[in-house]
Every structure is written in C-alpha cells, then in structure tokens.
1. I'd like the residue in the stretch 83-126 that is in contact with a Phe, Trp or Tyr (Cβ under 8 Å, 6 or more places away or on another chain) and among the β-branched types (Val, Ile, Thr) and, out of all such residues, is farthest from Leu53 (Cα to Cα).
2. Kindly check whether there is at least one residue in the stretch 119-128 that is in contact with a Lys or Arg (Cβ under 8 Å, 6 or more places away or on another chain) and either over 21 Å from Asp194 (Cβ atoms) or among the aromatic types (Phe, Trp, Tyr) (or both).
3. So, in the stretch 11-58, how many residues would count as being part of a strand (DSSP E or B), out of contact with any Phe, Trp or Tyr (no Cβ under 9 Å at 6 or more places or on another chain) and within 15 Å of Thr82 (Cα to Cα)?
4. Residues to consider are Asp133, Asp194; find the one that is modelled with pLDDT of 95 or more, in contact with a Phe, Trp or Tyr (Cβ under 9 Å, 6 or more places away or on another chain) and of a type in the set (Asp, Glu).
5. Within the stretch 73-90, track down each residue that is crowded, with 16+ Cβ neighbours inside 10 Å and either outside any strand (DSSP E or B) or of a type in the set (Val, Ile, Thr) (or both).
6. Checking Asn100 against (1) part of a loop (DSSP other than H, G, I, E, B); (2) surrounded by fewer than 20 Cβ atoms within 10 Å (Cβ to Cβ); (3) in contact with a strand residue (DSSP E or B) (Cβ under 8 Å, 6 or more places away or on another chain): exactly one of these is not met. Which one?
7. With (1) of a type outside the set (Asp, Glu); (2) at pLDDT 95 or above; (3) out of contact with any Ser or Thr (no Cβ under 8 Å at 6 or more places or on another chain) as the list, and Gly171 as the residue in question, which single condition is left unmet?
8. On the given criteria, is Ala70 at pLDDT 95 or above and part of a helix (DSSP H, G or I)?
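The values are calculated or read from the model by the stated rules, or taken from the named source; none is laboratory data. Values in this document were obtained by computation on a predicted structure and should not be read as measured data. A quick note on method: Cβ atoms are made from the backbone with ideal geometry, for glycine too, and the neighbour counts reach across all protein chains shown.
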Amino acid sequence: MPFVPAPNIMMVEARALLFGQQIENRFMCNNQGPVTLADLEAAAVAVWNWWELAYAVALPITVNLVEVLATDLTVQNGAQFTYAPDATTNGTVAGGQLPNECSVCVSLRSAVRGRSARGRFYTLAVPLSFMADENNITVAYQNQLAATGVSLRDNLAAIAPLTIVSFFSNGILRPGGPVYFPVINALVVDRVVDSMRRRKPGVGS
C-alpha cells in the first residue's frame, strides 16, 4: 500500500534473529503531539527494556534481539532512531522450541468493537516447555503472554500510548486518514499454535 501519513504516530519495531532468520514485532505508539528525536529514542528504549525484562521470559534462548527501530509516520521520510545497546539480549527459556514458523497471537484490544479497532502481535518463537500437546500451548503460557502484552501497554503509557492505527474501514482506505484507538487490554483468545510461513529460514522476514 502507498504511504499514508499518520500524524504523531511512532512505529516501533523490535527486530530479532532466530537461527539466522530475521523476525520482528511491530507496535504503533501515539505521541499525542509532534514527534521529536527524543520521543523516538524514549519509545525505542522503552520497548527494548520491555523486551529484555518482560518478553524475554516467554521466548527461547535462540531468539536474539538485534535492535529496536522507531520511526515517525507523520511524513513519508520521517525521522528514525535505532537503539541497539548490545548484541547479547536473548530469550531466557531453555529446552528447545517449535520450528521458526510457529507462533502464538496476542490480541490487542481497544474500547471499540470491530476488527479495525483491534491489533495483534505474534510471538517470535514458542518454547517446547510451554506446549500442552502437539498443537496447543499451556494455559499458564496463554496467561503469561497476555500479561506480557499488558506490560507493554503499561511501559509505554507515560511515553507514547500503545495504539491501534486503523488505515482501512470496510476494506477501503479511510477517506479522512487513519483513526487511532488506544489499547486498553491484551488477550490470548485461544491456545492453538499459529503458522507464519514467512518466518521459515530463507523465506523472508
């Protein structure tokens, strides 16, 4: 899709490696005013710290966080800030994992109904120790992932709130530009493992 301006929005990408494959989680944050380089840095640092302190405990040790990139979406050539303080921040769960393309969906919810008012992110990998059977994660892991999403919301609340940016409505671009919905909760609505073919080694990021 062609670039559509999203004034005051910062896109924050947590980029990682898994057995040589590039993987990422992407989040939208509402700066609630013009974006400065200091704002981008603050958002990138907050997401890195969340990844290291809250998200890493849900990921296998094979996942290596490489960088967090924050971009101003107000204009097409908006400013960017890259935060990469080390090359040694990994997941913390030992004991193996499912194949690269296996993931679990964390649903980000606003106070408004409808798909355009919801968002999601997919876990970067799934540890074997958190599987209840061949297809389903444990209830404990389901709850842990939901709490991880809530933690991300909380970590960004005082910086630039985690936000759903809706570019489309009923399958077409919104004529007045994107609409923003603040994230109020995070849920994992089922325990079935998802498949993301683009995460297979050699396929793409």
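1. Val112
2. Taking every residue of the stretch 119-128 in turn, at least one turns out to be in contact with a Lys or Arg (Cβ under 8 Å, 6 or more places away or on another chain) and either over 21 Å from Asp194 (Cβ atoms) or among the aromatic types (Phe, Trp, Tyr) (or both).
3. Here the count works out to 2.
4. Details: Asp133 fails: in contact with a Phe, Trp or Tyr (Cβ under 9 Å, 6 or more places away or on another chain).
Unique residue meeting the criteria: Asp194.
5. Matches in the stretch 73-90: Leu73, Thr74, Gly78, Thr89.
6. Unmet condition: (2).
7. Only one criterion in (1) of a type outside the set (Asp, Glu); (2) at pLDDT 95 or above; (3) out of contact with any Ser or Thr (no Cβ under 8 Å at 6 or more places or on another chain) is unmet by Gly171, namely (2).
8. Values: at pLDDT 95 or above: yes; part of a helix (DSSP H, G or I): no.
No: the conditions fail for Ala70.
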